[in-house]
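**Q** Quick one: structure below, then a few questions.
Rule-based calculations on the coordinates, nothing more; no lab input. The model shown is predicted, which means the values in this text are computed figures rather than measured ones. So basically every Cβ, Gly included, is an ideal-geometry build from the backbone, and we count neighbours across all protein chains shown.
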Amino acid sequence: MHGGVRCVLQTSMHPDNPEKRAALAGPSVKPLGILNQRNPSHWHAECEGSAFMDKDLHRYLNGHLAGSQCALSLIAELGKRQTDATEQKFFAGMEQRVEADQRILRNLIGTSSGEESTALHSLGEIGGKVSRLMFLYEGMEPGKLGTFEALEMLAMGIQGKRLLWVALQEVAHHFPEWSATDFQKLEFEAIHQREEVEERRLVQCRNALACPARRGVTTQAPAA
């Protein structure tokens, strides 16, 4: 009997004892159970010594980080235009949540041996300022077109954030250094945030897109 065949037969006799299976199989064979139980920090140490080229990943994460800078600019402007205490509290909380997402993104970039892009960060800030100027021109008071469009842009940004977390769920098993990050939970939070913003967007669109004369006109739905 060949040595390789003998090894397979001997190790199969100890299906519930990974250590015995490893000893019988020899130093070059490790049971999957033992591999799966290893500390993620050991994986990270090995990754650091390997030639991983994650530049596309880091570019993607930095792009979303830059987009969050634009979102913060819009949220701050929307928040200070609110006269209702509940709405002021909502936008203050939204700002804190986006800042928390930024910390997560920076951690993901750093733990995968990447660096934050100062160029994209600056572009995000510039984009936020340009958008804010455009919306200010259209009016950022409640019921104005600028407020409606700012909320629409914010809703689209949150949807993009949700897609980010979904994408990272798909590749997270390749990054053991991310094992402490719950991407599914982050996705659910993004869904909830978008629903909150969408509710406010629809309220604003009723005043922004229909002039007072139009709001006095009602039509019947077409017959089925």
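**Q** State the extension gain, in nm to one decimal, for the chain segment bounded by Met134 and Ser113, taking 0.36 nm per residue of separation less the distance between their alpha-carbons. Walk me through the numbers on the way to the answer.
**A** On the way: separation 21, 0.36 × 21 = 7.56 nm, distance 3.75 nm.
Gain in length upon complete extension: 3.8 nm.
**Q** Once you've got the Cα coordinates, tell me which of Lys55/Lys80; Lys55/Lys89; Lys55/Lys161 are over 27 Å apart. Before the final figure, lay out the partial values.
**A** Working: Lys55/Lys80 38 Å; Lys55/Lys89 38 Å; Lys55/Lys161 20 Å.
Too far apart for the 27 Å limit: Lys55/Lys80; Lys55/Lys89.
**Q** Set the Förster radius R0 to 22 Å, insert the Cβ-Cβ distance between His173 and Arg59 as r into 1/(1 + (r/R0)^6), and round the FRET efficiency to 0.05. Intermediate results must be reported in sequence, preceding the final value.
**A** Values: r = 21 Å, r/R0 = 0.96.
The formula returns an efficiency of 0.55 here.
**Q** Where does each of Ile191, Ile158, Ile104 land when they are ranked from fewest to most other beta-carbon atoms within 10 angstrom? Could the numbers behind the result be given before it?
**A** On the way: Ile191 14, Ile158 25, Ile104 17.
With the sparsest Cβ surroundings first, the list reads Ile191, Ile104, Ile158.
**Q** Compute the FRET efficiency between Gln96 and Arg214 as 1/(1 + (r/R0)^6), taking r as their Cβ-Cβ distance and R0 = 25 Å, and round to the nearest 0.05. Spell out each step's value before the answer.
**A** Numbers: r = 38 Å, r/R0 = 1.51.
Here the calculated transfer efficiency is 0.10.
**Q** Related question: By how many nm would the segment from Asn207 to Ala85 grow when fully extended, if each residue of separation counts as 0.36 nm and the alpha-carbon distance is taken off?
**A** Working: separation 122, 0.36 × 122 = 43.92 nm, distance 2.07 nm.
Taking 0.36 nm per residue and subtracting the Cα distance, the gain is 41.9 nm.
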